[in-house]
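One structure is given below, encoded as structure tokens.
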Amino acid sequence: MKARPATSLLFVFLAAASLAQPVPYVPDSKELAESYQRADALRSQANQNVYNTSISPKWVDDHTLAYVRTTRTERRLMVISATTQARKVAFDHSKMAAAMTAALGREVTQENVPFTDYVLAPDMSSVSLRFGNDWWRVDLATYKAERTTPQTGRRGPAGGGPRRQAGRVRTTEGQVQVRDGQDWRDVGTKNDYAGAQFTEDETKIVAFKLFPGDRRKVFLLESSPNSAEPRALLRERLYDQPGDKLDSYETWVIDPATGKETKVDLDPINTGGHPWSSAPRVQWWKDGKRGLLRFFVRGYQQYKVVELDPYAATARTLIDERENTFVNTGKLLFFTVEGTNEIVWRSERDRWGHLYLIDGETGDVKNQVTKGQWVVRGVDRVDAEKRQIWFTANGREPGDPYHVHSYRVNFDGSGLVRLTDGDGTHTALFSPGRQYLLDTWSRLDKAPTFALRSADSGHLIAQVVEADVSGLSKVGVRLPERFVAKGRDGKTDIWGAIVRPSHWSPTKKYPVIEAIYAGPHDSHVPKSFITYSGLHALAELGFIVVQMDGMGTDNRGKDFHDVAWKNIADAGFPDRIAWIKAAADKDPTMDVSRVGIYGTSAGGQNSTGALLFHPEFYKVAVSSCGCHDNRMDKFWWNEQWMGYPVGPHYAEQSNITNAAKLQGDLLLMVGELDTNVPPESTYRLVDALIEARKEFEFVLLPGSDHTGGGFYGERKRRDFFVRHLLGVEPPSWNSAGAG
């Protein structure tokens, strides 16, 4: 059984029988105005009263780490040895300030020498620093500064990936061309190719013949362009939506010497791709003699890895991943193992996201590398020589199952070692030779800790520094509280956070506002320390703000995730409502008769859906740039979760279709230049609400893209909750001197 966070003293105090029943918090105009001012002022006050929450670490060499240490009186670049644990100041900061003052012709003090971008020479003879857009190299023997080229720091090697090929081939207006010297010549006779690659020996070309889909457009009207032109501007672009006919690609091989074209016996690749992709790309392996094609079959219930023989113009399937619901695009991990013709592959075939070793000759699973009721999140490195994999995962250790740790395991699944330690979420910065790592970890309610560890065993070598956030309580900022409660099934743990205003009192009862984003592509509650968030700023006006991940979101296993399948409108609401009620049962200062909700993008869809489908619980919603009908958004995101072909369930779950069900108070916002979710998604909801004779508010943001509204949207959001949840009027912003 997994450990739970200890019940806070706050909850114990609130549960005491002697505590009087709290009364609703209703501020007067003076108190409310002060809360508005404090909501924004606390951010800078909070940031000025924390130290070492970030230390800008960089490896100087394989055993020496540089980092920035900050105290209340000074800021210094330090180095620590992983072999001896000795640490020292990297250079004389007063001499550095003098050197840069002379070089720049303006005063530079010890405290404003920049350490965000720096590179220490491995022999510690010099340091390069970025001032503005310019880099300067300072000799640490003479402290003479001179301009230098842009520098990059060492952060350790990354994991393996596809080999990329420059080649001498291109497609121009559908024609494949190769370069001979400075000239380009046509090869092949077809004029409908959309991409081409040479084999590594440049004796064959793999080309992809395009069969265009609907190629339908969406349009944006820019009402207020930054020009003297009095007319609005019309923008247009291609945008595939669910159900549209997509571009597809046939695979061909071309002999550049003869121009002969041979079609490969492979069904057209017709996923259409994400906005940043076009024609398929070949990844060369097996000494460059074979190619790999990886692609989804439309509907996202099947993903294929196909080996291509360009010399025989043949293809065979190596991996055919299938699910009855969806194959998760965001968590596909694929690594080829140099020299062994093996593949490291992430799959959810046992209902949890784990790594498998695949035989590259047969496509068979040689063995499952990781297993258990936990989730592999990423692969840092595949070491072919040592036959080891370095990866990150969550859910294996006691406590919050979303906390990420770093691990190492052998190809055969043996020798699993956890390399990080501590009840929080971790990131590992490996030394270049991967002998050591810097373990950075924190929680929402615990400041960051930085420690050097052995990358072989995870053994603690030295504590580098621990952040000091004691100053937050002095300015009134309360750390978020972790809370866990059972979901809709009465047995699954739902994890979330609670944020209170600085002026919180156990004698008052505060409206509850939920920040929601239920997109199935990830989990969304932050797990690392944040000094002061937007949740804090909103809470400061007199609310208790909460956030949690309900069923249907990612990183908790396939069963948890599959709740979203053809069921986006669910949004985990049964779990969210149960969680908030459980929190209120322990904390009588949470007023569940006054519950609001807000979100942006998918959260905009979710927050409006709260008033349509759960008006008995949610009373007020603010929704920004929402995808209010999954048929009107990008195909690849929506078809993955809602399925293909488009069925009646799309309409049944549409906010637009269900607009007449609106109860409560709703504010809609959208940017007129939204390039993510077409703004007509919001416009049509507005139209449907008008048709249904519903009352609501609508803010159109000229010149804005996909956004929560910026400063103006934030003010509208705050005012709407103050008016409808606190029951008081917000400040009059049009009065003289108002912000």
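The values are calculated or read from the model by the stated rules, or taken from the named source; none is laboratory data. These figures come from a predicted structure and were not determined experimentally. Neighbour counts are summed over all protein chains in view; Cβ atoms, including those assigned to glycine, are modelled from backbone coordinates with ideal geometry.
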Which count do you get for residues in the stretch 575-592 that are surrounded by fewer than 22 Cβ atoms within 10 Å (Cβ to Cβ) and in contact with a Gly (Cβ under 7 Å, 6 or more places away or on another chain)? 1
So which residues in the stretch 305-337 are among the hydrophobic types (A, V, I, L, M, F, W, C) and either over 19 Å from GLY363 (Cα atoms) or free of Cβ contacts under 8 Å to residues at least 24 places away in the same chain (or both), if there are any at all? ALA312, ALA313, PHE326
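Output the number of residues of the stretch 182-195 satisfying the condition of being in a loop (DSSP other than H, G, I, E, B) and either out of contact with any strand residue (DSSP E or B) (no Cβ under 6 Å at 6 or more places or on another chain) or crowded, with 17+ Cβ neighbours inside 10 Å (or both).
In the first step, residues of the stretch 182-195 are kept if they are in a loop (DSSP other than H, G, I, E, B); the result is 182, 188-192.
With the extra rule that they be either out of contact with any strand residue (DSSP E or B) (no Cβ under 6 Å at 6 or more places or on another chain) or crowded, with 17+ Cβ neighbours inside 10 Å (or both), the set shrinks to 182, 188-190.
Total meeting the criteria: 4.
Residues are listed down the side, and each one gets a yes or a no for (1) in contact with a helix residue (DSSP H, G or I) (Cβ under 7 Å, 6 or more places away or on another chain); (2) farther than 14 Å from PHE696 by Cβ; (3) assigned by TED's automatic domain parsing to the domain that holds ARG718:
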site	(1), (2), (3)
LYS619	no, no, yes
CYS627	yes, yes, yes
ASN630	yes, yes, yes
ASN638	no, yes, yes
GLY647	no, yes, yes
GLU652	no, yes, yes
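Within the stretch 306-314, does at least one residue satisfy the condition of being in the same structural domain as TRP285 (by TED's automatic domain parsing), over 26 Å from ASP522 (Cα atoms) and within 32 Å of the chain's Cα centre (by Cα)?
So the first thing to find is which residues in the stretch 306-314 are in the same structural domain as TRP285 (by TED's automatic domain parsing), and the list is 306-314.
Restricting the remaining residues to those that are over 26 Å from ASP522 (Cα atoms) gives 306-314.
Next cut, within 32 Å of the chain's Cα centre (by Cα) only: 306-307.
Checking the stretch 306-314: at least one residue is in the same structural domain as TRP285 (by TED's automatic domain parsing), over 26 Å from ASP522 (Cα atoms) and within 32 Å of the chain's Cα centre (by Cα).
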Scan the stretch 85-99 and tell me whether some residue there is closer than 30 Å to HIS536 by Cα and in contact (Cβ under 8 Å) with a residue 40 or more places away in the chain. no
The stretch 457-475 - residue that is touching a Lys or Arg at 6+ places or on another chain (Cβ under 8 Å) and assigned to a loop (DSSP other than H, G, I, E, B) and, of those, farthest from VAL545 (Cα to Cα): HIS459
I need every pair where a residue in the stretch 380-397 that is under 10 Å from ASN410 (Cα atoms) and not assigned by TED's automatic domain parsing to the domain that holds LYS558 has its Cβ under 9 Å from the Cβ of a residue that is among the small types (Gly, Ala, Ser) and in a strand (DSSP E or B), sequence separation at least 6 or different chains. TRP390/SER406; TRP390/ALA428
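If we keep just the residues of the stretch 122-142 that are without any contact (Cβ under 8 Å) to a residue 40 or more places away in the chain and exposed (fewer than 15 other Cβ atoms within 10 Å of the Cβ), which is farthest from ARG106 (Cα to Cα)? First the steps, then the outcome.
Step one: of the stretch 122-142, the residues without any contact (Cβ under 8 Å) to a residue 40 or more places away in the chain are 123, 125-126, 128-137, 139, 141-142.
Now restrict to residues that are exposed (fewer than 15 other Cβ atoms within 10 Å of the Cβ): 123, 125, 132-134, 139, 141-142.
Numbers: ASP123: 30, SER125: 25, GLY132: 13, ASN133: 16, ASP134: 15, ASP139: 20, ALA141: 22, THR142: 20 Å.
Among those that are without any contact (Cβ under 8 Å) to a residue 40 or more places away in the chain and exposed (fewer than 15 other Cβ atoms within 10 Å of the Cβ), it is ASP123.
Only one of VAL327, VAL404, VAL382 is closer than 29 Å to TYR644 by Cα and touching a strand residue (DSSP E or B) at 6+ places or on another chain (Cβ under 8 Å); which? Step through it out loud before you land on a result.
Working: VAL404 fails: closer than 29 Å to TYR644 by Cα; VAL382 fails: closer than 29 Å to TYR644 by Cα.
Criteria check complete, one pass: VAL327.
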Hey, GLU261 touching a strand residue (DSSP E or B) at 6+ places or on another chain (Cβ under 7 Å), crowded, with 18+ Cβ neighbours inside 10 Å, acidic (Asp, Glu) and under 30 Å from ARG351 (Cβ atoms) or not: no
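Out of the strands (runs of 3 or more DSSP E) lying entirely within the stretch 478-523, which hold 1 or more residues that are farther than 19 Å from ALA578 by Cβ and over 20 Å from the mean Cα position of the chain (by Cα)? Can you show your working first?
Numbers: elements: 481-486, 493-499, 508-515.
In the stretch 478-523, 493-499, 508-515 are the strands (runs of 3 or more DSSP E) which contain 1 or more residues that are farther than 19 Å from ALA578 by Cβ and over 20 Å from the mean Cα position of the chain (by Cα).
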Counting only residues that are basic (Lys, Arg) and either part of a strand (DSSP E or B) or surrounded by 13 or more Cβ atoms within 10 Å (Cβ to Cβ) (or both), how many does the stretch 196-240 have? 5
Selection within the stretch 538-568 - surrounded by fewer than 22 Cβ atoms within 10 Å (Cβ to Cβ), small (Gly, Ala, Ser) and within 15 Å of PHE613 (Cβ to Cβ): none
Which of the residues spanning the stretch 669-698 are aliphatic (A, V, I, L, M), buried (at least 19 other Cβ atoms within 10 Å of the Cβ) and not in a helix (DSSP H, G or I)? MET669, VAL670, LEU673, VAL677
Go through the stretch 381-403 residue by residue and tally those that are buried (at least 21 other Cβ atoms within 10 Å of the Cβ) and assigned to a strand (DSSP E or B). 6
Those residues of the stretch 143-167 which are at pLDDT 90 or above and surrounded by 15 or more Cβ atoms within 10 Å (Cβ to Cβ) amount to TYR143, ALA145, THR148
Could we say that ASP493 is touching a strand residue (DSSP E or B) at 6+ places or on another chain (Cβ under 8 Å), within 21 Å of GLY395 (Cα to Cα) and either surrounded by 19 or more Cβ atoms within 10 Å (Cβ to Cβ) or not polar (S, T, N, Q) (or both) here? yes
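Has the stretch 243-258 got at least one residue that is among the basic types (Lys, Arg) and in contact (Cβ under 8 Å) with a residue 40 or more places away in the chain? Quick ask: steps written out before the conclusion?
Keep residues of the stretch 243-258 that are among the basic types (Lys, Arg), which gives 245.
Retained after the next criterion (residues that are in contact (Cβ under 8 Å) with a residue 40 or more places away in the chain): none.
Scanning the stretch 243-258 turns up no residue that is among the basic types (Lys, Arg) and in contact (Cβ under 8 Å) with a residue 40 or more places away in the chain.
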Could you go through the stretch 658-665 and let me know if any residue there is under 26 Å from the mean Cα position of the chain (by Cα) and part of a loop (DSSP other than H, G, I, E, B). no
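Hey, among GLY339, GLY299, GLY288, GLY353, which residue is closer than 24 Å to GLN640 by Cβ and exposed (fewer than 15 other Cβ atoms within 10 Å of the Cβ)? Let's see the steps before the verdict.
Working: GLY339 fails: closer than 24 Å to GLN640 by Cβ; GLY288 fails: closer than 24 Å to GLN640 by Cβ; GLY353 fails: exposed (fewer than 15 other Cβ atoms within 10 Å of the Cβ).
Sole residue among the options that is closer than 24 Å to GLN640 by Cβ and exposed (fewer than 15 other Cβ atoms within 10 Å of the Cβ): GLY299.
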Looking at ALA451 and the list (1) closer than 30 Å to SER347 by Cβ; (2) small (Gly, Ala, Ser); (3) buried (at least 19 other Cβ atoms within 10 Å of the Cβ), which single condition is not satisfied? (1)
